[in-house]
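The block underneath contains the structure these notes are about, expressed in structure tokens.
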Amino acid sequence: MSSMAMPAVSAPREPVAYRLYGKLGWTGLAVTWGGLVLLALLYYLTAESSALHVPDYVIVLIGKIMCYAMVALALDLIWGYAGILSLGHGLFFALGGYAFGMYLMRQIGHDGVYKSELPDFMVFLDWKEYPWFWAGTDQLWISLLLVVLVPGVLAAIFGFFAFRSRIKGVYFSIITQALTYAAMLLFFRNNTGFGGNNGFTDFKRIAEVGITLPGMKFTLFLLTAAALLGALLLCRWIVTSKLGRVLIAIRDAESRLRFCGYDTVGFKLFVWTVSAVIAGIAGALYVPQVGIINPGEMSPANSIEIAIAVAVGGRGTLIGALVGAGLLHGLKSWVTVAFPEFWLFLLGMLFVLVTLFLPQGIVGLWLRLRKK
Amino acid sequence: MKRNSLVSIITFIALCFIALPASAFKPALITKLATGENEDKIAAIGELVADGDASALPMLTALLDGNVQLAGKQILLMNGEEATDLLTGRKIAPVPAEREDVVLNNRVRRELESAVSALRLLAPERDVRLTAAKVLQANAEESMLPLIRKALAIEKDTEIRGLLTIIEATVQLGSKDRVARLAAVKALAGSTNPATKSLLLGVLEKKGDAFTEPDAEIRAEAQNALKSVESTLAIGERLGHIFSGISLGSILLLAALGLAITYGLMGVINMAHGELIMIGAYATYAVQNQFRAHLSGAFDWYLIAAIPVSFMAAALVGVLMERLVIRFLYGRPLETLLATWGISLLLIQSMRTLFGAQNVQVENPAWMSGGIALMGNLVLPWNRIVIIGFAFAVLAAVWLTLTRTRLGLFVRGVTQNRAMADCVGVPTSRVDTMAFALGSGIAGLAGCALSQIGNVGPDLGQTYIVDSFMVVVLGGVGQLAGTVVAGMGLGIANKFLEAWSGAVLAKIAVLAFIIIFIQKRPQGLFALKGRSVEN
């Protein structure tokens with residue numbers, strides 16, 4: 001590895017606020033989540049004609065952004081604290097989405113275009129029965145289990161081999177990118193059994209309840225908000241524990257830590273798998289709200305967008321991931337509608353400017369300004 | 001085809017003046033052809049073909065093009081405003097006002113077309129003969145057999161000979177004569193044309209309970225022939241895989257060579273490398289357009305001019321990238337990765353704004369089209385051959401630059417020990433810029449080559465970025481030899497797997513292999529020797 005002439009992964013040199021969030025931080029979190037719940041209640045309880053009513057698309061958009069924020073959080077956990085930059089987190093996100101999507105496809109029942117027991121794309125391929133890897137996906141609990149297991153197991157296997165042979169830094173990033181790229185090619189094939197190009201869409205219901213009903217949207221929104229908060233607290237607990245100290249040590253001086261007698265593989269593997277599972281859950285929440293999952297979610301560009309969301313918000317702060325994802329995707333949904341040909345310029349400039357001038361991200365900048 | 005019929009009309013006109021064509025054929029035959037019933041016409045065509053006289057060609061093509069007309073008893077061959085009497089060979093002036101077309105129904109037309117093709121087998125131009133043979137492959141008849149044999153006896157070109165053999169055998173297989181069929185099967189055994197296989201399988205086919213071929217001896221012979229054909233075909237196929245593997249490998253090599261410098265030697269992760277390739281391709285496109293507009297006479301040589309232009313265009317963009325962004329990020333590889341990804345997005349969108357989101361057309365120069373036919377199922381296209389040669393030329397140039405020039409010495413020095421190089425007076429920051437420009441320029445050359453075999457569009461670079469990183473990672477950083485071996489190895493492995501499992505699965509298998517390989521040898525195939533700890 002040394003032949004790469006690659007210095008150690010540089011890390012934010014600022015001392016990280018180990019306690020994470022003072023009084024102000026907790027108040028901010030409480031206000032934000034209070035606002036989210038209020039928004040959901042306004043959507044569900046007020047009449048459509050009412051001035052206070054929150055329109056459908058706002059709920060869907062914010063729900064979507066919360067899912068992105070959750071993946072960003074997952075990435076910050078490993079990149080900001082353990083110094084592992086994954087460019088393949090979109091894969092875990094999409095796998096969680098596909099795992100839950102299989103259940104959603106089964107819930108369509110006979111309401112597809114071909115009125116068949118099987119999803120339309122299988123009828124199209126002239127398949128007579130579900131392939132083996134669809135077994136049990138008609139049960140909600142099995143499918144929820146898969147949401148956790150599929151990304152978790154894949155991450156654990158991949159991570160085990162990668163960390164054991166001490167692949168890290170840019171090498172690791174490039175290989176995770178190749179991984180998600182390979183998966184994307186695989187899922188694009190019709191014969192893989194996941195709907196090929198079109199993926200899964202046209203969902204009808206969850207647990208026999210219509211997916212377009214306001215009550216369902218309300219529930220999904222609140223679930224997402226709760227999951228995001230839960231993930232945030234979990235990550236905070238991890239990084240403020242002793243384990244978190246070890247992770248930061250891995251990020252800053254892995255070899256030194258190894259010479260001290262720590263086996264870094266286990267630590268990295270644990271946090272890496274947790275991160276993948278969080279990403280998977282985010283994907284599972286994303287699919288019913290947005291109504292589609294296709295292999296495009298696995299494209300390398302998607303995964304690298306997650307990384308830039310974290311960088312914009314500020315690495316190694318957890319809250320920065322949420323801020324970054326919120327800003328990036330809020331901006332994206334506005335600009336791609338208002339000035340579509342401008343978005344790539346803006347995104348590209350964001351990548352360059354943030355890395356050059358704002359290495360600590362927005363939260364880091366704010367912390368620095370407060371200290372002065 | 002249009003051009004061919006024009007040529008034949010011109011030859012015909014020439015013939016009109018030199019020798020009277022009417023003397024070559026019996027007038028009765030011409031009358032039958034022009035005025036007879038459909039059956040008569042077909043019989044006449046058959047007779048002409050059986051004679052195998054190429055001088056009948058102009059008349060038949062004229063008939064096919066609707067240039068033979070009737071005016072009373074006269075049979076006229078029209079050529080614009082002029083008319084010639086086919087029976088006497090004399091010019092008719094003034095042209096009679098009342099003329100009728102010779103009516104051809106579809107069946108006659110079909111007969112006429114295959115007769116024309118059959119006669120064209122004797123044409124002096126290779127292309128004409130090849131097209132004719134290809135047409136005949138679908139609709140040859142027993143009456144053409146003498147003509148085909150005559151053509152076969154004088155044909156020198158391997159590809160056409162192969163086709164003719166097949167045609168001869170196809171016709172013979174349909175014959176009622178057992179000996180002829182047997183001879184045909186035996187002749188097929190030596191063929192290298194892929195169509196032979198299905199022909200032989202047809203002989204062995206069963207219809208219901210009975211074989212289509214009643215004779216057991218012929219069937220046994222066909223079985224043998226099938227075996228020998230299959231083994232010849234397999235050799236050709238395997239050679240074909242190796243060739244397309246080398247071709248893909250040379251493309252990967254070109255795409256990865258620039259990376260081997262920027263990533264391998266300098267340690268800069270340039271995610272915009274693919275976009276530098278794209279810029280090279282667009283530069284080639286721009287040069288092509290300039291040549292078409294101002295130098296259309298020398299259009300075939302635009303590629304020569306495009307090589308330095310695409311190098312310079314990509315190198316210039318590279319210098320700007322290095323000066324404006326990357327030099328602030330040395331030693332922070334993850335940030336470099338994100339920033340260069342941002343640059344790649346900027347470049348893609350700029351190209352979309354400048355040239356449109358659609359793919360643009362880059363044409364091969366004439367000398368790069370076509371190919372060398374080695375066997376019936378093995379044709380090596382010229383553009384691929386040129387690119388393989390080009391890739392190795394670029395490789396040689398890079399190697400010489402790194403090992404024999406002052407810049408190369410500095411680059412290697414800075415790579416090995418930046419601080420020490422600085423101390424002894426190497427202008428490290430200028431060396432960085434130069435090296436980055438060199439790597440970028442090579443990406444531009446890759447783009448110039450790619451424009452000759454694939455689509456040129458704003459997304460061109462995205463296709464190659466993962467692949468070229470894989471080549472560098474597999475080959476081992478800092479090693480040109482590793483890049484060569486990895487590029488070629490991946491190319492050939494990819495093509496063989498592709499034949500066996502389809503393109504997508506092959507690609508996935510290769511990626512999976514690399515991921516596993518890296519576990520075993522994280523430093524790649526060719527690692528620099530030495531011991532150190534990275535932190």
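Worth a mention:
- Length-normalised contact order of chain B in % [C-alpha pairs under 8 Å, at least 6 apart]: 15 percent
- Stokes-Einstein D in µm²/s, Kirkwood radius over Cα pairs - chain B at 10 °C with 1.306 mPa s viscosity: 57 µm²/s
- Part-to-part distance (alpha-carbon centres) for the stretch A:354-372 and the stretch A:163-231, which is given in Å: 32 Å
- Cα shape, the stretch A:101-240, gyration tensor, a/c 1.5 rule: oblate
- 14 Å beta-carbon shell around A:Phe187, net charge (K/R +1, D/E -1): +1
- By the count of neighbouring beta-carbon atoms within 10 Å, fewest first, A:Phe158, B:Phe496, A:Phe133 end up ordered A:Phe133, B:Phe496, A:Phe158.
- Note on the stretch B:248-520: Cα-only Rg and Dmax are 18.8, 64 Å.
- About the Cα centre, charge dipole magnitude for the stretch B:248-520 (Lys/Arg +1, Asp/Glu -1 at Cβ), debye: 440 debye
- Range of Cα positions in the stretch A:217-283 per principal axis (Å), largest first: 52, 19, 14
- The label point for B:Phe211 and the one for B:Arg352, both projected 7 Å from the Cα toward the Cβ, are 6.3 nm apart.
- Note on A:Leu24 and B:Glu98: their simple-model spin labels are 10.9 nm apart, each label 7 Å out from Cα toward Cβ.
- Rounded Å value of the spacing that divides the Cα centres of the stretch A:137-159 and the stretch A:249-276: 24 Å
- In terms of surrounding Cβ atoms within a 10 Å radius of their Cβ, A:Met349, B:Met266 rank from fewest to most as A:Met349, B:Met266.
- Shape class for the stretch B:313-471, computed from the alpha carbon gyration tensor (a ≥ b ≥ c): oblate, with a/c not under 1.5 and a/b at or below b/c.
- Other protein chain C-beta atoms within 10 Å of residue C-beta, averaged over B:497-510: 2.
- By definition, a body whose alpha carbon gyration tensor gives a ≥ b ≥ c is oblate when a/c is 1.5 or more and a/b is not larger than b/c, and the stretch B:144-205 fits this oblate description.
- Footprinting exposure proxy for A:Trp132, A:Trp33, B:Trp341 (fewest neighbouring C-beta atoms within 10 Å first): A:Trp132, A:Trp33, B:Trp341
- In sequence order, calculated HN-Hα J values of the stretch A:219-227 (Karplus, 6.51, -1.76, 1.60; Hz; x Gly/Pro): 4, 4, 4, 5, 4, 4, 4, 5, 5
- The mean number of partner chain beta-carbon atoms within 10 angstrom of a residue's beta-carbon across peptide A:161-173 is 4.
- Structure-based [θ]222 nm, the protein assembly as shown - -39500 (n - 2.57) summed over DSSP H runs of at least 4, per residue, nearest 500: -22500 deg cm²/dmol
- Contact order normalised by residue count of the stretch B:58-97, Cα under 8 Å, 6+ apart, percent: 24 percent
- Between the Cα long axis of helix B:480-501 and the first principal axis of chain B there is an angle of about 40°, rounded to the nearest 10.
- Farthest toward positive dipole pole in chain B [+1 Lys/Arg, -1 Asp/Glu at C-beta], among B:Ala28, B:Ala281, B:Ser175: B:Ala281
- Each listed q (0.08, 0.11 Å⁻¹) maps to a log10 I(q)/I(0) for chain A, found by the Debye formula over equal Cα scatterers with no solvent: -0.42, -0.79.
- Backbone phi angles across the stretch A:181-195, fed through the Karplus curve with coefficients 6.51, -1.76 and 1.60 (θ = phi - 60°), yield HN-Hα couplings of 5, 4, 5, 4, 4, 4, 6, 5, 5, 5, 6, 5, x, 10, x Hz in residue order; Gly and Pro are listed as x.
- Taking only the alpha carbons of the protein assembly as shown, we obtain Rg and Dmax values of 35.6, 114 Å in that order.
- Annotation for B:Ser198 and B:Asn359: the two label points, set 7 Å from Cα along the Cα-Cβ direction, are 2.6 nm apart.
- Among A:Thr192, A:Leu179, A:Val310 the positive-end extreme of the charge dipole of chain A (Cβ point charges): A:Val310
- Using only alpha-carbon positions in the stretch B:414-496, the gyration tensor eigenvalues give semi-axes of 30, 18, 9 Å once each is multiplied by 5 and square-rooted (largest first).
- A Stokes-Einstein calculation at 20 °C with viscosity 1.002 mPa s, built on the Kirkwood radius of the stretch B:81-135 over Cα pairs, returns a diffusion coefficient of 154 µm²/s.
- Entry note, chain A: relative contact order of 31 percent, from Cα contacts under 8 Å with a spacing of 6+ residues.
- Globularity ratio of the stretch A:33-138, using Cα Rg and 2.2 N^0.38 Å: 1.51
- Here the dipole of chain B is about 1800 debye; that uses its Cα centre as origin and unit charges on the Cβ of Lys and Arg (positive) and Asp and Glu (negative).
- Diffusion coefficient (Stokes-Einstein, Kirkwood radius over C-alpha pairs, 37 °C, 0.692 mPa s) for the stretch A:235-357: 195 µm²/s, rounded to a whole number.
- When the Cα positions of A:Gly109, A:Gly215, A:Ala74 are compared along the charge dipole of chain A, A:Ala74 comes out farthest toward the positive end, with charges on each C-beta of Lys, Arg, Asp and Glu.
- Computed from backbone phi with θ = phi - 60° and the Karplus coefficients 6.51, -1.76 and 1.60, the 3J(HN,Hα) list for the stretch A:259-273 is 5, 6, x, 7, 8, 6, 4, x, 4, 5, 4, 4, 5, 5, 5 Hz; x is used for glycine and proline.
Every number in this text was worked out from the coordinates using simple rules, so none of it is lab data. The shown structure was predicted, so the numbers you read here are calculated from the model rather than taken from an experiment. Because the Cβ atoms are built from the backbone with ideal geometry, glycine has one as well, and the counts that use them run over all protein chains shown.
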